[in-house]
Amino acid sequence: MERNFKLCNGDRLTCTEQAAVFRFSGPRMVLSTGANGGGMRSDLIAAFNYCDCGTAGVCQPMEGHTLREHQRAVARRLGLDPDHSTGLDTAANLDNMVVITKRWEDLQITAAVSGGADVNALCAGDPTFLTETDGAPCPVPPGTINIFLVTDRPLSPGAMAELIMTATEAKTAVLRDLMQGSSVSQELATGTGTDGMVIICGIGEDGMLLNAGKHFKFGELAALAVREAVTEALFRQTGFCAREQHSVLRRLHRFGITAEALSAKCLAQLPGQRAALDRALEKLDQDSFLVSATALYIHLEDQRRAGMLTELEAGDWVDHLLRQIQQHYHCDFPILPEADLPEKLAQFLCALLLANLRERERLYPDLPPI
């Protein structure tokens, strides 16, 4: 499917499943994180967002020995001059790219965003293992949030750099609001490992803006456009949204508390109950009381790790919360006194699941396994 947009500055954007191409209708100042045509440029005539996935969503090998060589090859395939274009790469289907424009009086800005954060979400400062050698490509997981910001107003170089800061904070706010965890640590994600951004603005001194931060209306418009576009793009690509996050297991994934880990512990005590356990786990995962209690528990752990609560303060409230869960589900079993908070919760959930299965056996002793 081909979609065509006329942007707020008169430029044209053409979106297909494979590529989104911005063709400039006049001189532009561009600030890009792209490997080719990156940095501050005033001689570009186009920008693109390219999906590197082919049949059945399988990512294709890069063309060339470096990302820059690959992006130059992509530019040529798209009919663009690689010396006068810049681009970003993604694994997202660009049919899902979202275009949002915000206006106030004589200010306007468009955010065009593609994104996925389900497997490559990271927090800045997470442990890494990749190093770069002479620009050679390194294999990284798919999952990228690419943001293109377009305005008709000229921006000073400082304002363009500040706009990248504002837009990045807006993207991070979406991930934090939806409690997206890092894929490699217990932190909340601030982005993905491969995010990119391109700023496209007018050229010259007339009407130039010197500020694009959070105190200024232009920065507000940019942040609102990015937040709306990122939220919608993540939903279109993977279904990621507040409703999907209403899940005990999704909230706990960053702590290593998964369905597989809980099942293994439970089945070690009640072998042969896999089907019944799966049903119990599915029911508890969506239970409103347990989701709410888990959200409070996780917040206590985040506050403890950040030093906002002491071990004693967090521990007292954790024990109180676990007792409330026991009371709600009418069960009574020991709560580990010395375990760290994530392990204490994992053991507690296992005990809750086992209590569910044993109560089922007590009430329906003649019922065959599910």
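For segment 333-340, check the following and say yes or no: at least one residue is part of a helix (DSSP H, G or I) and open to solvent by 30 Å² or more (accessible area, probe 1.4 Å).
Within segment 333-340, the first condition is being part of a helix (DSSP H, G or I), and the residues that meet it are none.
No, segment 333-340 contains no residue that is part of a helix (DSSP H, G or I) and open to solvent by 30 Å² or more (accessible area, probe 1.4 Å).
Could you grab me the full set of residues in segment 202-220 that are closer than 11 Å to residue 170 by Cα and out of contact with any helix residue (DSSP H, G or I) (no Cβ under 8 Å at 6 or more places or on another chain)? Matches in segment 202-220: 220 only. Considering only segment 214-226, I want to know if a residue exists there that is at pLDDT 95 or above, touching a Ser or Thr at 6+ places or on another chain (Cβ under 7 Å), open to solvent by 30 Å² or more (accessible area, probe 1.4 Å) and in a loop (DSSP other than H, G, I, E, B). The answer is yes, given that some residue of segment 214-226 is at pLDDT 95 or above, touching a Ser or Thr at 6+ places or on another chain (Cβ under 7 Å), open to solvent by 30 Å² or more (accessible area, probe 1.4 Å) and in a loop (DSSP other than H, G, I, E, B). Residues in segment 201-213 include at least one that is in a loop (DSSP other than H, G, I, E, B), over 30 Å from residue 258 (Cβ atoms), open to solvent by less than 20 Å² (accessible area, probe 1.4 Å) and out of contact with any strand residue (DSSP E or B) (no Cβ under 8 Å at 6 or more places or on another chain). For segment 5-20, check the following and say yes or no: at least one residue is without any contact (Cβ under 8 Å) to a residue 60 or more places away in the chain, farther than 30 Å from residue 188 by Cα, buried (at least 23 other Cβ atoms within 10 Å of the Cβ) and not aromatic (Phe, Trp, Tyr). Checking segment 5-20: not a single residue is without any contact (Cβ under 8 Å) to a residue 60 or more places away in the chain, farther than 30 Å from residue 188 by Cα, buried (at least 23 other Cβ atoms within 10 Å of the Cβ) and not aromatic (Phe, Trp, Tyr).
Please work out which residue is most open to solvent (accessible area, probe 1.4 Å), limiting yourself to segment 282-304 and to residues that are assigned to a helix (DSSP H, G or I) and among the charged types (D, E, K, R).
The first filter runs over segment 282-304 and keeps only residues assigned to a helix (DSSP H, G or I), leaving 282-286, 288-304.
From what is left, the residues that are among the charged types (D, E, K, R) are 282-283, 285, 301-302, 304.
On the way: 282: 132, 283: 151, 285: 23, 301: 6, 302: 30, 304: 55 Å².
Among them, the one singled out is 283.
Comparison of 127, 142, 154 shows that the only residue that is in contact (Cβ under 8 Å) with a residue 60 or more places away in the chain and not in a strand (DSSP E or B) is 142.
Residues in segment 305-320 that are crowded, with 17+ Cβ neighbours inside 10 Å and either in contact (Cβ under 8 Å) with a residue 60 or more places away in the chain or within 24 Å of residue 261 (Cα to Cα) (or both): 315, 318. From the list 234, 221, 188, the one residue that fits, being in contact (Cβ under 8 Å) with a residue 60 or more places away in the chain and more than 30 Å from residue 44 (Cα to Cα), is 188.
With respect to being outside any helix (DSSP H, G or I) and under 30 Å from residue 93 (Cα atoms), residue 243 fits the description.
Condition check ((1) under 23 Å from residue 300 (Cβ atoms); (2) crowded, with 18+ Cβ neighbours inside 10 Å) across all residues:
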| residue | (1), (2) |
| --- | --- |
| 242 | yes, no |
| 246 | yes, no |
| 253 | yes, no |
| 257 | yes, yes |
| 262 | yes, yes |
| 280 | no, yes |
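Looking at the structure I just gave you, is residue 100 surrounded by fewer than 23 Cβ atoms within 10 Å (Cβ to Cβ), at pLDDT 95 or above and under 30 Å from residue 179 (Cβ atoms)? Answer is yes for this residue. Residues in segment 87-117 that are touching a Pro at 6+ places or on another chain (Cβ under 9 Å) and not in a strand (DSSP E or B): 91, 92, 116.
Criterion applied to 357, 345, 309, 367 was being modelled with pLDDT of 90 or more and either out of contact with any helix residue (DSSP H, G or I) (no Cβ under 6 Å at 6 or more places or on another chain) or part of a helix (DSSP H, G or I) (or both), and the one residue passing it is 345. Of a type outside the set (D, E, K, R), assigned to a helix (DSSP H, G or I) and at pLDDT 95 or above: does that describe residue 234? Taking the combined requirement at face value, the residue satisfies it. Under the condition of being of a type in the set (A, V, I, L, M, F, W, C) and farther than 15 Å from residue 233 by Cα, which residue from segment 168-196 is least open to solvent (accessible area, probe 1.4 Å)? In this case the residue turns out to be 189. Is it the case that segment 122-145 has a residue that's of a type in the set (Val, Ile, Thr), at negative phi and crowded, with 23+ Cβ neighbours inside 10 Å? Within segment 122-145, one or more residues are of a type in the set (Val, Ile, Thr), at negative phi and crowded, with 23+ Cβ neighbours inside 10 Å.
The values are calculated or read from the model by the stated rules, or taken from the named source; none is laboratory data. What you see is a predicted model; the values in this text were computed from it and never measured. Please note: Cβ atoms are built from the backbone with ideal geometry, for glycine as well, and neighbour counts cover all protein chains shown. Accessible surface areas use protein heavy atoms only, side chains included; no ligands, DNA or RNA. Shrake-Rupley method; radii C 1.70, N 1.55, O 1.52, S 1.80 Å.
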